[in-house]
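Working notes for the structure below.
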Amino acid sequence: MTGKARGRVAARTLAAMTEPTEVSPTTEPGADDSRTGAGVWVIVPTFNEADNLGPITAAIHDALPAATVLVVDDNSPDGTGRLADELAGWDPRVRVLHRPAKQGLGRAYLDGFAAALDGGAATIVQMDADFSHDPATLPGLIAPVVAGEADLVIGSRYTRGGGVVDWGIGRQVISRGGSLFARTVLGLGPRDLTGGFKAWRAATLAGMPFAGVHAGGYVFQIEMTFRAARAGARIRELPITFRDRRVGQSKMSRRIVAEALVVVVQLRAEELRDRLLRRRPS
């Protein structure tokens, strides 16, 4: 991206931002609210999302004015990281975590989770930067967590009331089939295991070991829900309509899908092996 192009993107981005909303100084650290987003951190991983970053940040703050948006950028060649720094310099509700290179969507989220936990978040949201996850849904997504009724809420395409638009048959079959395969092999209840629009109770994430979690995108979503379920987390699904990205290209690949299927089988095999070892007499 040329200097002039970056300037135009920055100008469009700043124009898309809303005025910062002051958080009342009486708000207790760690407290959160499903209407304002106080205590909520929204983690947005980015790689070449310069055109989407400003609008998605503005839309998140339209929905949750007091939320902290943490941009986790993987050294995007299009200048997304520099743009994120500009936003953070203008708006204290925006923070940036720079990573040296692409290391997998899962690793980006794990690094973001760690930063949010260190920052005192009470609720942590993960979502895409490309508007496939509707920011207007955020208050409903976090509400059960804020109310103490759930530890994990999944924005679900495949529960009643949810859906997908702008996808071809092939992609729908892969996504639905992946969720069904994982549900069957791992014995999980949620219907949408491959989606990445989730709200977590921070204490639930803090109690989960991040070491050993697979960093791939598709399988990361499955594995985190699997680990949460096995740890006894209360999991809910909120129906959402998933729309294909507005700008740019999908980062899904056949390799990512194949990795997910292999890891799902590995997770089940490891679980069965551990059960057998525990049953053996000492």
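The values are calculated or read from the model by the stated rules, or taken from the named source; none is laboratory data. The model shown is predicted, which means the values in this text are computed figures rather than measured ones. Counting neighbours? That spans all protein chains shown, and the Cβs are built from the backbone with ideal geometry, glycine included.
Data table
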{"quantity": "Selection count, the stretch 78-112, where residues are outside any helix (DSSP H, G or I) and more than 29 Å from Gly212 (Cα to Cα)", "calculated": "6"}
{"quantity": "Failed item in (1) crowded, with 24+ Cβ neighbours inside 10 Å; (2) modelled with pLDDT under 95, with Val69 passing the rest", "calculated": "(2)"}
{"quantity": "The stretch 152-179 residues that are over 28 Å from Ala202 (Cα atoms) and in contact (Cβ under 8 Å) with a residue 60 or more places away in the chain, paired with ones that are buried (at least 20 other Cβ atoms within 10 Å of the Cβ) and of a type outside the set (A, V, I, L, M, F, W, C) (beta carbon under 7 Å, 6 or more apart)", "calculated": "Val164/Arg157"}
{"quantity": "Residue check, Ala88 touching a residue at least 60 places away in the same chain (Cβ under 8 Å), of a type in the set (A, V, I, L, M) and either under 23 Å from Ala136 (Cα atoms) or surrounded by fewer than 19 Cβ atoms within 10 Å (Cβ to Cβ) (or both)", "calculated": "no"}
{"quantity": "Complete set of residues in the stretch 238-262 that are at pLDDT 85 or above and assigned to a helix (DSSP H, G or I)", "calculated": "Val262"}
{"quantity": "Strands (runs of 3 or more DSSP E) enclosed by the stretch 138-223 - at least 3 residues per element that are at pLDDT 95 or above", "calculated": "152-156, 198-201"}
{"quantity": "Residues within the stretch 45-71 that are out of contact with any strand residue (DSSP E or B) (no Cβ under 9 Å at 6 or more places or on another chain) and not in a helix (DSSP H, G or I), tallied", "calculated": "2"}
